[in-house]
Amino acid sequence: MTHWEVSNLLTDYSEGALDRARAAQMAEHLASCEECRAMLDDVQFALRALRTAEDVEPSPWLVRRILQATTGERKPKWVERLPGWMQWALRPQVVYTVSMAVFSLSFILYTSRVNLQAVELRKLNPTTWVYRANSRGHLLVARAEKFYYDLRFVYELESILRQLKQQPSSQPGSPQNPQKPGGGSSDIQSSDVGQLALGSTQDLSAIQFRETTWQRGRRSLTP
Amino acid sequence: MAEDQELVKRCLAGDDAAWETLLTFHHRKIYNLCYRFTGSGTEAEDLTQEVFIKVFQTLRTFDPLQGQFSTWLNRVARNHLVDHYRKVSRDRATASLDDEEEGLHPRAAPSAEPATQVEDRERKELLQAALARLSPDMREVVILRDLQDLDYAEIAQVLGVPEGTVKSRINRGRLELGRILKRMLKKERLE
């Protein structure tokens, strides 16, 4: 085997791609030829260096750059956008706004007596809506006001009755009205009665005043 | 691969997502090919972009009956790289190296020491510098065979030369690369 033949078969020999006879001839030549051994060593050295070489990583924006130069910025499909939307929709501000909008709409629909199961074109007229919402809103406010006055009247009545019950029992032993020694009981009694009468008059006027307030509340309910 | 062909079909039908998938799948290989040719990350990125623009524009010319998409892509990339080198006139002949450096023979006795040194030291830079010193003909076959893992038939198809020529170039390319690497290591050791 000549040097030229050997130099042409170095790669095949290194990769084990030669048949047995040819490989034996190569080995025989290599054993006796220092120059060809050196060539084989060069090839094997290059192969070792190439096989240990790692891939080089391109910059992460290379794909985006090429996409921009070819198809332009691709619009993502709605499925790809969904996570982004969800993230936006679940923000507290958005949740609060939507809840309030739903509540307001429900309130308007309720007050305007719109039955969503049987919607008529006439009922969807905004003027009708406003009129109904207005009258119903007023009615609601008036009812709330009446309830408030009723409750207030009951509490006030209860407190007045409690005061009236407490006054007779506290009068005799009261340190503010000590009994004079040696008589004069008729004077004391008359003054007590007078005070009681005065107190009762004050209470009655208070009751009258409160009744008037209650009546005023009732009147406001009348359309 | 059948997947590539399906993606190409979808690309031709105007499916941008298919193009993105095709690009994501192949850009790393092409970038590495460009990097091994140029030795510069920025230049390799520019060339990769240019290659894919060309691929995008000429995708209709890809014929699945004539070979795999990856082979066609490599051919487009290789042709672009050759054009690029012609344009910038950066081709270097191996012969010029031989004139500059001392004689190649006789060789020293085989030793495992240099290989270990290549692994231990800045392997990437050294290999890249050695590849840059190879002639373009030899460089491209060595890169396609040993770094891109293409077989002889594929390389022959990409380069448009007979398989025998490919084998011969690989043989000479590896031999030359080994010599350059050893010489560079020796020089560095002396320094």
- Item | Of the criteria (1) within 7 Å of chain B (Cβ to nearest Cβ); (2) outside any loop (DSSP other than H, G, I, E, B); (3) farther than 17 Å from B:LYS167 by Cβ, which one A:HIS29 fails | (1)
- Query: What are the residues in the stretch A:32-65 that are more than 7 Å from every other protein chain (Cβ to nearest Cβ) and more than 17 Å from B:ASP146 (Cβ to Cβ), if any?
  - Reply: A:SER32, A:CYS33, A:CYS36, A:GLU57, A:PRO60, A:TRP61, A:ARG64
- Within the stretch A:26-55, count every residue that is more than 26 Å from B:PHE37 (Cα to Cα) and open to solvent by less than 40 Å² (accessible area, probe 1.4 Å). 6
- Item | Residues that are under 15 Å from A:GLN68 (Cβ atoms) and of a type in the set (D, E, K, R), drawn from the stretch B:28-63 | B:GLU45, B:ASP46, B:GLU50
- Task: Look at B:THR48 and say whether it is at pLDDT 90 or above, within 11 Å of chain A (Cβ to nearest Cβ), surrounded by fewer than 17 Cβ atoms within 10 Å (Cβ to Cβ) and in a helix (DSSP H, G or I).
- Result: no
- Condition set assigned to a helix (DSSP H, G or I) and more than 13 Å from every other protein chain (Cβ to nearest Cβ), scope the stretch A:1-25, selection least open to solvent (accessible area, probe 1.4 Å): answer is A:ALA23
- Residue list for the stretch B:125-150, restricted to those being of a type in the set (D, E, K, R), in contact with a Gly (Cβ under 9 Å, 6 or more places away or on another chain) and touching a residue at least 40 places away in the same chain (Cβ under 8 Å): B:ARG139, B:GLU140
- Query: Hey, among the residues in the stretch B:12-29 that are more than 9 Å from chain A (Cβ to nearest Cβ) and part of a helix (DSSP H, G or I), which one's surrounded by the fewest Cβ atoms within 10 Å (Cβ to Cβ)?
  - Reply: B:LEU12
- Note on the structure: Within the stretch A:124-144, residues among the basic types (Lys, Arg) and surrounded by 13 or more Cβ atoms within 10 Å (Cβ to Cβ) come out as A:ARG132, A:ARG136
- Note on the structure: When (1) open to solvent by 40 Å² or more (accessible area, probe 1.4 Å); (2) within 14 Å of another protein chain (Cβ to nearest Cβ); (3) more than 14 Å from the chain's Cα centre (by Cα) are applied to B:ARG145, the one that fails is (3)
- Task: Please determine, by comparing only the residues of the stretch B:60-84 that are surrounded by fewer than 17 Cβ atoms within 10 Å (Cβ to Cβ) and modelled with pLDDT of 90 or more, which one is nearest to the other protein chains (Cβ to nearest Cβ).
- Result: B:ARG60
- Task: Mind counting the residues in the stretch B:22-41 that are modelled with pLDDT under 90 and among the β-branched types (Val, Ile, Thr)?
- Result: 1
- Got a sec? Which helices (runs of 4 or more DSSP H) wholly within the stretch B:108-179 have at least 1 residues that are farther than 26 Å from B:GLU43 by Cβ and modelled with pLDDT under 90? B:113-120, B:152-159
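Give the stretch A:88-144 a look and list any residue that's in a loop (DSSP other than H, G, I, E, B) and over 15 Å from the mean Cα position of the chain (by Cα), or say none.
Scanning the stretch A:88-144 gives A:SER112, A:ARG113, A:VAL114, A:ASN115, A:VAL119, A:GLU120, A:LEU121, A:ARG122, A:LYS123, A:LEU124, A:ASN125.
The values are calculated or read from the model by the stated rules, or taken from the named source; none is laboratory data. Note that this is a predicted model, so its numbers are computed, not measured. Positions of Cβ are generated from backbone atoms using ideal geometry, with glycine treated the same way; all protein chains shown enter the neighbour counts. Keep in mind that these areas ignore ligands, DNA and RNA; they rest on the heavy atoms of the full protein, side chains included. Shrake-Rupley method; radii C 1.70, N 1.55, O 1.52, S 1.80 Å.
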